[in-house]
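Participant: Shown below is the structure under consideration.
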Amino acid sequence: GLSGGLYTISASPLFGYNLLPNTTTIFVIKNETTTFDIVLPIGGILRGYVKDGNGNKVSSASLIASGPSFSSDTSDDIGYYELVALNSGNHTIYTSPTFGTNLFSNTTSASINMGEITELNITLDNGGRITGFIKSSDNNPVYSAYVYASGISYPSDYSDVIGEYNLIGLDTGQ
């Protein structure tokens with residue numbers, strides 16, 4: 001049912017496949033069948049492990065690659081990640097730990113080539129910690145007191161049933 005003329009056709013793979021979309025232009029003649037195969041190029045892969053400053057593997061870290069292309073993944077139970085379908089070129093990799101962990105986010109870069117695998121282990125530095133107890137003047141624990149710090153970073157917490165609080169993710173400084 002196509003009229004004759006110039007058409008742009010595009011194909012995109014499902015998310016998660018290591019294939020890149022492709023677009024081409026073809027000329028169609030009315031009342032004739034035009035056959036054209038679309039080839040989806042194989043993307044580059046960036047893979048490795050997310051670790052903390054002590055070398056322990058970090059699960060559930062969020063990774064996003066941006067640059068000539070975009071890809072995302074979450075590190076698995078052993079810290080492994082795989083970013084697929086990347087175009088060639090320099091990509092910026094943003095890695096964030098799960099909320100509530102005493103780790104800092106990391107931004108790094110990687111040079112990717114289509115059709116190749118690049119290995120990159122990413123380290124999330126450990127943060128500092130302040131911990132203690134909130135007590136009344138008669139030495140009883142205070143439950144659900146809001147505790148916060150201000151300075152280079154701004155962590156906060158609520159004291160638990162025994163009055164304990166933990167401020168995590170602190171950068172070096174006052």
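The values are calculated or read from the model by the stated rules, or taken from the named source; none is laboratory data. None of the values given here were measured: they were computed from a predicted structure. Using ideal geometry, Cβ is built from the backbone for each residue, glycine included, and neighbour counts are taken over all protein chains shown. When the accessible area is computed, the model is the full protein with side chains, heavy atoms only, and any ligands, DNA or RNA have been set aside. Shrake-Rupley method; radii C 1.70, N 1.55, O 1.52, S 1.80 Å.
Participant: Between a first residue in the stretch 13-41 that is under 20 Å from GLY1 (Cβ atoms) and a second residue that is hydrophobic (A, V, I, L, M, F, W, C) and in a loop (DSSP other than H, G, I, E, B), which pairs have beta carbons less than 9 Å apart while being 6 or more apart in sequence or on different chains?
Facilitator: ILE26/PHE36; VAL28/LEU2; LYS30/LEU2; THR34/LEU2
Participant: Being among the aliphatic types (A, V, I, L, M) and more than 15 Å from the chain's Cα centre (by Cα) is the filter; apply it to the stretch 41-82 and report the residue that is farthest from THR101 (Cα to Cα).
Facilitator: Step by step, filter the stretch 41-82, then rank; the result is ILE42.
Participant: Pick from ASP160, ASP171, ASP138, ASP77: which is acidic (Asp, Glu) and surrounded by 13 or more Cβ atoms within 10 Å (Cβ to Cβ)?
Facilitator: None of the others qualify; the one that does is ASP160.
Participant: Now, a different point. Among the residues of the stretch 141-157, which ones are open to solvent by 60 Å² or more (accessible area, probe 1.4 Å), out of contact with any Pro (no Cβ under 8 Å at 6 or more places or on another chain) and part of a strand (DSSP E or B)?
Facilitator: Within the stretch 141-157, PRO141, TYR146, SER156 qualify.
Residue by residue, here is whether (1) assigned to a strand (DSSP E or B); (2) closer than 30 Å to THR172 by Cα holds:
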| residue | (1), (2) |
| --- | --- |
| THR34 | no, no |
| LYS51 | yes, yes |
| SER59 | no, yes |
| ASP76 | no, yes |
| TYR94 | yes, yes |
| THR98 | no, yes |
| SER109 | yes, yes |
| THR118 | yes, no |
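Participant: Which residue, of SER137, SER156, SER111, is at pLDDT 95 or above and more than 19 Å from the chain's Cα centre (by Cα)?
Facilitator: SER137
Participant: Write out, first by first residue and then by second, each pair whose Cβ atoms fall under 9 Å of each other, whose residues are 6+ apart or on separate chains, and whose first residue, in the stretch 119-135, is acidic (Asp, Glu) while the second is surrounded by 18 or more Cβ atoms within 10 Å (Cβ to Cβ).
Facilitator: Taking only residues 6 or more apart or on different chains, the pairs are GLU119/LEU46; GLU119/GLY48; ASP125/ASP52; ASP125/LEU103; ASP125/PHE104.
Participant: Filter the stretch 99-116 down to the residues that are open to solvent by 60 Å² or more (accessible area, probe 1.4 Å) and of a type outside the set (Asp, Glu) and list them by number.
Facilitator: PHE99, SER105, THR107, SER109, SER111, ASN113, MET114
Participant: In the stretch 1-32, how many are over 30 Å from LEU63 (Cα atoms), assigned to a loop (DSSP other than H, G, I, E, B) and open to solvent by 100 Å² or more (accessible area, probe 1.4 Å)?
Facilitator: So the count comes out to 5.
Participant: May I ask you to list the residues in the stretch 42-56 that are under 16 Å from SER71 (Cα atoms) and either surrounded by fewer than 12 Cβ atoms within 10 Å (Cβ to Cβ) or free of Cβ contacts under 8 Å to residues at least 24 places away in the same chain (or both)?
Facilitator: none
Participant: For the structure I just gave you, tell me whether THR95 is closer than 30 Å to LEU40 by Cβ, polar (S, T, N, Q) and either open to solvent by less than 50 Å² (accessible area, probe 1.4 Å) or at pLDDT 95 or above (or both).
Facilitator: Judged against the criteria, THR95 is a match.
Participant: Being at positive phi, surrounded by fewer than 12 Cβ atoms within 10 Å (Cβ to Cβ) and modelled with pLDDT of 95 or more, is that true of even one residue in the stretch 117-130?
Facilitator: No; the residues of the stretch 117-130 include none that is at positive phi, surrounded by fewer than 12 Cβ atoms within 10 Å (Cβ to Cβ) and modelled with pLDDT of 95 or more.
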